[in-house]
Amino acid sequence: MATTTPEHIKCLIIGSGPAGYTAAIYAARANLNPVMYQGLQPGGQLTITNDVENFPGYPDGIMGPEMMEDLKKQAARFGTDIRYGIATSVDFSGHPHRVIVDEKVELTADTIIIATGASAKWLGLPSEQRLNGSGVSACAVCDGFFYRGKDVAIVGAGDTAAEEATYLANLCNKVYMIVRKGEMRASKIMQKRVTDNPKIEVLWNTVTDEILGEHAVDGARVKNVLDGTTRDLAIEGFFVAIGHDPNSKIFQPYLHHDEQGYLKTIPGTAKTNVDGVFACGDVQDFTYRQAVTAAGSGCMAALDAERYLAALGDH
């Protein structure tokens, strides 16, 4: 329960990463005096990504943590008040909106920009965690380029996994697709693209026992769940495509969301169904989930917040 006198904020940004930091840059330059709480993973998923080569403006690429630090410095340069802390509960039933941080700090805000992102689901293997960023990835579109001409594996059975397997097949020498059951969840058309592709080998009824490699991935041990036999795959990249969890739970009682928990915004805007509350980045984007699209939606959220306040006569 909050024990402090509420602090009132004109523009509160919950979460960081490309969406949150871009929103902060635009909000600060518009004199909205934004306050940002960075959340559980300051800088978002890119802080666990080594090389980022697909963000415009970096011809030689950039390390994910370095890029996030640059965005943070840019947001701070224009006056964003960047704080450590996690939003633990909210009340969007009235105005101003109410937010509790770290279960004790109470805030009220005229506008709120939600940029809490989504967390990739992992298999839970120690070797997966150890080699994350050194051959293990949860984004084929982000990292597939590094495995051109090489053999890789991807885990998953849904549309995203099928789409990413097909994407990898355009770059890689061979793609093993590891499917736990004897069938896929993916749509029929996506399944056909996979099974018709000579570079993709589907390993049905198969799970991953361990990802092999000392400092980088050099293989994966997989097991057939029907007969218990194991097999070592010689691969250099291991992609996990079993889904993402949007970090939206505390907002769901108030904001419209889909069955997976992604927040819904009015098409062409960052507006949610609650006036003065905006969402940007991966928490509302189940389709693209790229740093550049997150940054673009962060810009939209800040501009929408500025226009909202201007319409109220508060800015």
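What the table below lists for this structure:
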{"item": "Sum of side-chain charges, ASP245 neighbourhood, beta-carbon under 14 Å (Lys, Arg +1; Asp, Glu -1)", "result": "-1"}
{"item": "Value of relative contact order over the chain, rounded to a whole percent, pairs C-alpha under 8 Å and six or more apart", "result": "20 percent"}
{"item": "Contour excess over end-to-end distance, with Cα ends at THR195 and TYR167 and 0.36 nm allotted per residue", "result": "8.7 nm"}
{"item": "Magnitude of the charge dipole, the chain, Cβ model with Lys/Arg +1 and Asp/Glu -1, debye to 20", "result": "400 debye"}
{"item": "Segment 123-241, accessible area per residue, ligands and nucleic acids excluded (1.4 Å, Å²)", "result": "49 Å²"}
{"item": "Relative contact order [Cα under 8 Å, 6+ residues apart], segment 264-315, whole percent", "result": "32 percent"}
{"item": "Amide H partners (placed H, <5 Å) of GLU201, local residues excluded", "result": "VAL175, TYR176, MET177"}
{"item": "Inter-part distance where segment 178-193 and segment 296-315 are each reduced to a Cα centre, Å", "result": "43 Å"}
{"item": "Overall Cα dimensions of the chain, principal axis frame, Å, largest first", "result": "65, 40, 36"}
{"item": "In order through segment 94-103: 3J(HN,Hα) via Karplus (6.51 cos²θ - 1.76 cosθ + 1.60), integer Hz, x for Gly, Pro", "result": "x, 10, x, 6, 10, 9, 10, 10, 6, 6"}
{"item": "Value of relative contact order over segment 12-140, rounded to a whole percent, pairs C-alpha under 8 Å and six or more apart", "result": "28 percent"}
{"item": "Folded to 0 to 90 degrees: helix 159-169 orientation relative to the chain principal axis, Cα", "result": "60 degrees"}
{"item": "Cα centroid of segment 256-281 to Cα centroid of segment 113-139, whole Å", "result": "24 Å"}
{"item": "Whole-Å distance, taken between Cα centres, linking segment 53-81 and segment 11-35", "result": "14 Å"}
{"item": "5 angstrom amide H check on THR88, placed H, neighbours 5+ away", "result": "ILE100, VAL101, ASP102, GLU103"}
{"item": "HN-Hα J in Hz across segment 124-132 - Karplus 6.51, -1.76, 1.60, θ = phi - 60°, x for Gly and Pro", "result": "x, 7, x, 5, 5, 5, 5, 9, 4"}
{"item": "Segment 98-195: radius of gyration and largest Cα-Cα distance (Dmax), Å", "result": "18.6, 54"}
{"item": "For ILE82, distant residues with modelled amide H under 5 Å away", "result": "MET36"}
{"item": "Rounded accessible area of LEU226 (nearest 10 Å², 1.4 Å probe)", "result": "130 Å²"}
{"item": "0 to 90° range, to nearest 10: angle between helix 64-77 axis and the chain longest Cα axis", "result": "10 degrees"}
{"item": "Crossing angle, helix 291-312 versus the chain [Cα axis fit, 0-90 degrees, rounded to tens]", "result": "20 degrees"}
{"item": "Partnerless Cys - the chain, beta-carbon criterion under 4.7 Å", "result": "CYS11, CYS172, CYS280, CYS299"}
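The values are calculated or read from the model by the stated rules, or taken from the named source; none is laboratory data. On a predicted model such as this, the values are computed, not experimentally measured, just so you know. For neighbour counting, all protein chains shown are included, and Cβ atoms are generated from backbone atoms with ideal geometry for every residue, glycine included. Accessible surface is based on the protein model in full, side chains and every heavy atom, while ligands, DNA and RNA are left aside. Shrake-Rupley method; radii C 1.70, N 1.55, O 1.52, S 1.80 Å.
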